[in-house]
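J.: Structure in structure tokens, see below.
What follows is calculated from the coordinates using simple rules that are stated; it is not laboratory data. Everything numeric in this text was worked out from a predicted model, so none of it was measured. Cβ: placed from backbone, ideal geometry, glycine included. Neighbour counts: every protein chain shown.
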Amino acid sequence: MDLKLRGKRALVTGSSRGIGRSIALSLADFKVDVAINYLRHRSRAEETAQEIRDRGVRALLVKGNVADPEDVAHIFASIRAEWGGLDIVISNAASGVLRPARELTLHHFDWAMHINAAALLPLTQNLLEMPSDGEKVMVAVSSLGATRAIPNYTAVGASKAALESMVRHLAAEFAPEGLRINAVSAGTVDTDALLHFPNREQLLEAARRRTPAGRLLSPQDVANTVVYLCTEYASMIHGQVIVVDGGYSILA
Ligand SMILES: NC(=O)c1ccc[n+]([C@@H]2O[C@H](COP(=O)([O-])OP(=O)(O)OC[C@H]3O[C@@H](n4cnc5c(N)ncnc54)[C@H](OP(=O)(O)O)[C@@H]3O)[C@@H](O)[C@H]2O)c1
């Protein structure tokens, strides 16, 4: 299958592990060079980089906190110095405190908002300034918690709702400048992120039972849709949130 992505250059935030890693490897499968952003786990990022190089494309490690505009500027400067430009940004990195709303502080709330939503702004602004090979594309990774109430998910859910709203606003403002941005909203995926949920086993079992497609979502399922949105076959999809959940959220 030729998705016409060969030779493009992508940054995937939070791609040392989990869904971001799958997105990075899937882009590399279609001959996209990938810059791997991470914050703490360098060895995991290096493993992902090696797997990318094994696919015959370039990999670049770019450490940095996406919630820090200086770090983001530095990430883009490194990519520009190495590759001369950038075509695709996947805003995937996320973090957040998972606890009942009664125990949440505004610090927890700000933490989620900055990393999961506000970070999209400097990512977009920096991409706009980068040389690119034609259209610039962004995909933000969201979750069902943006539109549904999930136990212990108040701060992260609110940040994902903000993220989805930003995607619409940025899409409208920057489409005329050749930037296309969408979001993929995923159902439950068994990654390290779930280790922070006090009710991880329950969540996984409930997702398995309730999903009409009959199985849990994998990181690859999410990556497949993200990659599609990066292609010219999605060129008239702007500012949308595509749900990938095996039908979980269509049930009453
Ligand atoms: N797992 C799910 O069930 C699920 C469902 C729906 C949506 N999602 C979304 O999918 C995305 C990926 O989730 P995941 O489950 O794969 O997460 P994960 O396994 O916890 O991985 C998180 C990644 O983000 C990086 N990261 C965290 N904070 C960062 C920061 N401030 N700056 C830069 N990088 C940072 C981590 O880097 P280090 O390795 O260096 O720590 C890691 O690469 C998130 O947007 C999440 O909300 C997940």
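J.: Rounded to the nearest 10 degrees, what's the angle between the helix 219-230 long axis and the longest principal axis of the chain, both from Cα atoms, 0 to 90?
T.: So the helix axis and the longest Cα principal axis differ by about 50 degrees.
J.: Taking only the alpha carbons of segment 4-139, what extent do you get along each of the three principal axes, in Å, biggest first?
T.: 49, 30, 23
J.: Rounding to the nearest 10 and keeping the result within 0 to 90°, find how far the Cα-based axis of helix 18-29 lies from the longest principal axis of the chain.
T.: 30 degrees
J.: How far, in nm, would the chain grow between Ala175 and Glu46 when pulled straight, counting 0.36 nm per residue and subtracting the alpha carbon separation?
T.: 43.0 nm
J.: Count charges around Ile88 for me, please; just the other residues with Cβ under 11 Å from its Cβ, Lys/Arg as +1, Asp/Glu as -1.
T.: Summing Lys/Arg as +1 and Asp/Glu as -1 gives 0.
J.: For segment 9-250, give the magnitude of the charge dipole about the Cα centre (Cβ charges: +1 Lys/Arg, -1 Asp/Glu; no others), in debye to the nearest 20.
T.: 620 debye
J.: I've got another one for you. With charges only on Cβ, +1 for K and R and -1 for D and E, what is the dipole size of segment 36-88 about its Cα centre, in debye, rounded to 20?
T.: The dipole of segment 36-88 has a size of about 120 debye.
J.: Another question, then. Grab the Cα-Cα distance for Arg200 and Lys31, subtract it from 0.36 nm times how many residues apart they are, and report the gain in nm with one decimal.
T.: Fully extending the segment from Arg200 to Lys31 adds 57.3 nm.
J.: Taking only Cα atoms and a 10 Å spring cutoff, compute GNM fluctuations for the chain and point out the largest among Met236, Met138, Met166.
T.: Met236
J.: Can you list residues from other chains, or at least 5 along the same chain, whose modelled amide H is less than 5 Å from the amide H of Ala183?
T.: The answer is Ala140, Gln240, Val241, Ile242.
J.: Another one. How tilted is helix 69-83 with respect to the longest principal axis of the chain? Cα atoms for both, answer in degrees (0 to 90, nearest 10).
T.: Orientation of helix 69-83: about 40 degrees from the principal axis.
J.: By count of other Cβ within 10 Å, fewest leading, how are Leu11, Leu61, Leu106 ordered?
T.: Starting with the residue having the fewest Cβ neighbours, the order is Leu106, Leu61, Leu11.
J.: Taking the Cα centroid of segment 1-37 and of segment 230-252, what is the distance between the two, rounded to the nearest whole Å?
T.: Here the answer is 19 Å between Cα centres.
J.: List the residues whose amide H sits under 5 Å from the amide H of Ser143, counting only those 5 or more places along or on another chain, with H placed 1.01 Å from N in the peptide plane.
T.: Excluding prolines and chain starts, which carry no amide H, the hits are Ala186.
J.: Can I ask one more? How many angstrom lie between the Cα centre of segment 197-226 and the Cα centre of segment 110-128?
T.: So the two Cα centres are separated by 26 Å.
J.: Which FRET efficiency value, to the nearest 0.05, is calculated for Arg209 and Leu61 with the Förster distance at 45 angstrom and r the Cβ-Cβ distance?
T.: According to the calculation, E is roughly 0.70.
J.: Rounded to a whole number of µm²/s, how large is the Stokes-Einstein D of segment 198-238 at 10 °C and 1.306 mPa s, given Rh as the Kirkwood radius over C-alpha pairs?
T.: Answer, rounded: 129 µm²/s.
J.: Lys/Arg Cβ at +1, Asp/Glu Cβ at -1, dipole of the chain taken about the Cα centre: which of Ile79, Asn182, Thr147 is farthest positive-ward?
T.: Toward the positive end, the furthest listed residue is Thr147.
J.: Give, in nm to one decimal, the length gained when the segment between Thr147 and Arg80 is fully stretched (0.36 nm per residue of separation minus the Cα-Cα distance).
T.: Result for the pair: 20.5 nm of gain on full extension.
J.: Relative to the compact globular guide of 2.2 N^0.38 Å, what is the alpha carbon radius of gyration of the chain, as a ratio?
T.: Against the compact-globule rule of thumb, the ratio is 0.95.
J.: Then there's this: Counting Lys and Arg as +1 and Asp and Glu as -1, what is the net charge of the other residues whose Cβ lies under 10 Å from the Cβ of Asp221?
T.: Net charge in that neighbourhood comes out at 0.
J.: Turning to a different aspect of this structure: Would you work out the charge dipole size for segment 1-144 about its Cα centre, treating the Cβ of every Lys and Arg as +1 and the Cβ of every Asp and Glu as -1, and quote it to the nearest 20 debye?
T.: 300 debye
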